[in-house]
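In what follows, a structure is listed as structure tokens, so that the remarks can point back to it.
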Amino acid sequence: MTLKLDDKYIWDFWHYAEGGAQHLFMLQADRAIGDPDLRHWNVSIGHAVSRDLRQWDYRGTVFGPSAGPAWDDFTTWTGSVIHAEGRYHLFYTGTCRAENGLRQRIGHATSSSIDGPWMRVGDGLALDLDARFYEEHAEGRWHDRALRDPWVLPDRIDGMYHMFFTARRNDGPRFERGVIGHAVSPDLVHWEATAPVYEGGHYGQLEVPQVFARDGRWFCTFCNVRDHWAEAQRAQQGGGVSGTHYLVAENPLGPWQPAEGFLDGDVPCRRYAGKILRDPVTGEDCLMAFLDAGPDGRFVGQISDPIPLRFEHGRYRLDDILAPE
């Protein structure tokens, strides 16, 4: 059965596996707010645990916005969890009320247990925008400052930890500025932004990146809506779709390019913010995503069961035989 909460909308999520337990951390908001579009501004982070990615034990709320005035006192959005340096690390997106949630920053909390409690490192701020590489918010330029969805690799490369995130370059056509941002750290606490590892040219933004290796190549899943595609990209894809796709590279530091086609997209958007995970039941890769628009067009707000994937000749596609209708 899907991961569904009767009293909450749930959407973006991230995954951590340990000792046979599959941990999902997800964005959640009370269904009592009524309009599901308000969920982004009434958000906290929940935690659920499974052995098979199908039957879930919901553990409740584990993190949320700061109680007092702070850089993250409005929202705590999508991130990632790793274990390194003897601690569990939660990286997340934050915004503040003083800026009406328009400027995103990346935060950091740690815990001695995957079950928490999670405590901010200092005031929690890990990375702010570096205008040498990334677009700052300005009226009419884009709807917000895109600096969010941090994905941190648990192992050092060349002596440094690496963070990948949703961002926009500070030049070029509006719908070609979406990039995968990059930052490095020697200790997971002190971060420095660098140039993007994927330099854009195809989309206005690439949300919720997930970076991983398979068979000697690197993959970066992302999601977006067709309204944010570059004109040339829409023309190549029959007008475009909304959903989850991926970039490919020989090295995690790039250069990255979108894979041919689009992995899992529909109009209207059916599933969003997908992750490619190892299915503990089959031992094969699968796709999990949150359910967006239902048959009636209304927001669903739950997380799918594993969707089978085929991985052939270095490319992923949905298994046409086993994928659910």
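One table, with the values for the structure above:
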read-out	value
Span from the segment 1-71 Cα centroid across to the segment 174-209 one, whole angstrom	25
Residues with amide H under 5 Å from that of TRP256, placed H, sequence gap 5 or more	GLU199
Counted charge near GLY261, where neighbours are those whose Cβ lies closer than 10 Å (Asp, Glu -1; Lys, Arg +1)	+1
Length-normalised contact order for the chain - Cα pairs under 8 Å, 6+ apart - percent	12
Calculated diffusion of the chain, Stokes-Einstein form, Kirkwood radius summed over Cα pairs, 4 °C and 1.567 mPa s, µm²/s	65
Per-residue HN-Hα couplings for segment 237-250 [Karplus 6.51, -1.76, 1.60; θ = phi - 60°; Hz; x = Gly/Pro]	10, x, x, x, 9, 10, x, 10, 9, 8, 9, 10, 7, 8
Average accessible surface area per residue within segment 76-135, 1.4 Å rolling probe, Å²	38
Rounded, prolate or oblate (a/c below 1.5 giving rounded, otherwise prolate when a/b exceeds b/c) for segment 120-233 by Cα gyration tensor	oblate
From phi via Karplus (6.51, -1.76, 1.60), per-residue ³J(HN,Hα) for segment 297-305 in Hz, x at Gly/Pro	x, 8, 5, 8, x, 8, 10, 5, 5
Where the Cα pairs of segment 155-218 fall when distances are cut into 10 Å bins, in %	22, 44, 29, 5
Three-way shape call for segment 112-153 based on the alpha-carbon gyration tensor, with the a/c threshold at 1.5	prolate
Top of GLY68, GLY140, GLY283 by mean-square fluctuation, Gaussian network on the chain, Cα under 10 Å	GLY140
Integer Hz, Karplus 6.51/-1.76/1.60 couplings in order for segment 185-201, x for Gly and Pro	8, x, 9, 6, 10, 9, 10, 10, 6, 10, 5, x, 8, 10, 8, x, x
Amide H partners (placed H, <5 Å) of THR78, local residues excluded	THR93, ASP149
Built amide H within the under 5 Å cut-off of LEU127, gap 5+	ILE106
Overall form of segment 20-101 per C-alpha gyration tensor (a/c, 1.5; a/b vs b/c)	oblate
Two-site FRET efficiency, GLU85 against ASP296, from Cβ-Cβ distance with R₀ of 45 Å, rounded to 0.05	0.40
Alpha-carbon centroids, segment 215-292 and segment 107-130: separation in whole Å	28
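The values are calculated or read from the model by the stated rules, or taken from the named source; none is laboratory data. In this text, all values refer to a predicted model and were calculated from it rather than measured experimentally. Because the Cβ atoms are built from the backbone with ideal geometry, glycine has one as well, and the counts that use them run over all protein chains shown. Heavy atoms of the whole protein, side chains included, go into the accessibility calculation; ligands, DNA and RNA do not. Shrake-Rupley method; radii C 1.70, N 1.55, O 1.52, S 1.80 Å.
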